[in-house]
1. State whether one or more residues within region 90-98 are within 11 Å of the ligand (Cβ to nearest atom), surrounded by fewer than 24 Cβ atoms within 10 Å (Cβ to Cβ) and either touching a residue at least 24 places away in the same chain (Cβ under 8 Å) or not in a strand (DSSP E or B) (or both).
2. Scan region 99-115 residue by residue and report those that are over 11 Å from the mean Cα position of the chain (by Cα) and surrounded by 20 or more Cβ atoms within 10 Å (Cβ to Cβ).
3. Give region 58-80 a look and list any residue that's within 16 Å of the ligand (Cβ to nearest atom) and either in a loop (DSSP other than H, G, I, E, B) or modelled with pLDDT under 95 (or both), or say none.
4. Of the conditions (1) without any contact (Cβ under 8 Å) to a residue 60 or more places away in the chain; (2) touching a strand residue (DSSP E or B) at 6+ places or on another chain (Cβ under 9 Å), P129 satisfies every one except a single condition; which number is it?
5. Pick out the one residue from V83, V110 that is outside any strand (DSSP E or B) and in contact (Cβ under 8 Å) with a residue 24 or more places away in the chain.
6. Only one of P129, P160 is surrounded by fewer than 23 Cβ atoms within 10 Å (Cβ to Cβ) and in a loop (DSSP other than H, G, I, E, B); which?
7. Going through region 23-57 one residue at a time, which ones are hydroxyl-bearing (S, T, Y), surrounded by fewer than 20 Cβ atoms within 10 Å (Cβ to Cβ) and within 16 Å of the ligand (Cβ to nearest atom)?
Amino acid sequence: MLNSPHDPKAIAGRAAADLVPDGAVVGLGTGSTVHFTLLRLAERMRSEGLRILGVPTSLDTERKARELAIPLTTLDEIESIEVTIDGADEIDPAFDMVKGGGGALLREKVVAWITKREIVVVGPNKLVPRLGASYPLPVEVVPFARSVVLHGLRRLGAEPVLRARDGVAARTDNGNEIIDARFPEGIADARGLEHAIDQIPGVVETGLFLGLAHVLVVGHADGRVEVRQRPG
Ligand code: 5RP
């Protein structure tokens, strides 16, 4: 009998949910991999009586968590988050990341910033030797400043495109827009680039997540799961 292939997203998302301790405040990331984390957390609540308080990073995750009866709290009620589980669009060997494919980068970064243990869940296709080579960098911008930021990003060597849905600029949960900035050669100096982009007025946040991830959970199609700690 042939083994049925496993979904790397499901393998990673579920395995990370098993790392959540009882009683924790848990940052709930956004995306199709975290979707499996939410399902597994709800399963553990039913089967083991796991008690958690979730902090959602998007309206989409908030809706899913409510449907699964995962209790939620807000940043106004807490000072820090014990563990957050979130996806990534790219992650390099130092665990620096590009995020924001789902448009939730601002809330994801705020939550990551106050998280003690950020667990990133991915399939092997998200592992890259250098950021920016396979995925554009999302930049959240105030709509008024979109043209200024587009010009500014071009001056930094990017090929920027305003993210649109059905011909209309897509809006984030915060009422802003996203510019996807492709860097044809990849990103050589992520810290320098983040600083330079932050200088452009109208930029709200970039999808560069530098030094924020602690643990990487990689799911594989053969059912294996790898759990790695950040090097250094
Ligand atoms: C959303 C994100 C997601 O974490 C990222 O896009 C990965 O999503 P998926 O797990 O669906 O591949 O940054 O803003």
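1. Of all residues in region 90-98, those within 11 Å of the ligand (Cβ to nearest atom) come to 90-91, 97-98.
After this cut, where a residue has to be surrounded by fewer than 24 Cβ atoms within 10 Å (Cβ to Cβ) as well, the list is 91.
Filter again for either touching a residue at least 24 places away in the same chain (Cβ under 8 Å) or not in a strand (DSSP E or B) (or both), leaving 91.
Yes, because at least one residue in region 90-98 is within 11 Å of the ligand (Cβ to nearest atom), surrounded by fewer than 24 Cβ atoms within 10 Å (Cβ to Cβ) and either touching a residue at least 24 places away in the same chain (Cβ under 8 Å) or not in a strand (DSSP E or B) (or both).
2. Within region 99-115, T115 is the sole residue that qualifies.
3. Initial filter on region 58-80 (within 16 Å of the ligand (Cβ to nearest atom)): 58-65.
If the condition is that a residue be within 16 Å of the ligand (Cβ to nearest atom) and either in a loop (DSSP other than H, G, I, E, B) or modelled with pLDDT under 95 (or both), then S58 is the only one that fits.
4. Only one criterion is unmet by P129, namely (2).
5. Details: V83 fails: outside any strand (DSSP E or B).
None of the other options fit; the residue is V110.
6. Numbers: P160 fails: in a loop (DSSP other than H, G, I, E, B).
P129 is the lone residue from the list that is surrounded by fewer than 23 Cβ atoms within 10 Å (Cβ to Cβ) and in a loop (DSSP other than H, G, I, E, B).
7. Of all residues in region 23-57, those hydroxyl-bearing (S, T, Y) come to 30, 32-33, 37, 47, 57.
In the following step, the residues that additionally are surrounded by fewer than 20 Cβ atoms within 10 Å (Cβ to Cβ) were identified as 32, 47.
Within region 23-57, S32 is the sole residue that qualifies.
The values are calculated or read from the model by the stated rules, or taken from the named source; none is laboratory data. What you see is a predicted model; the values in this text were computed from it and never measured. Note that we place each Cβ from the backbone using ideal geometry, even for glycine, and neighbour counts take in every protein chain shown.
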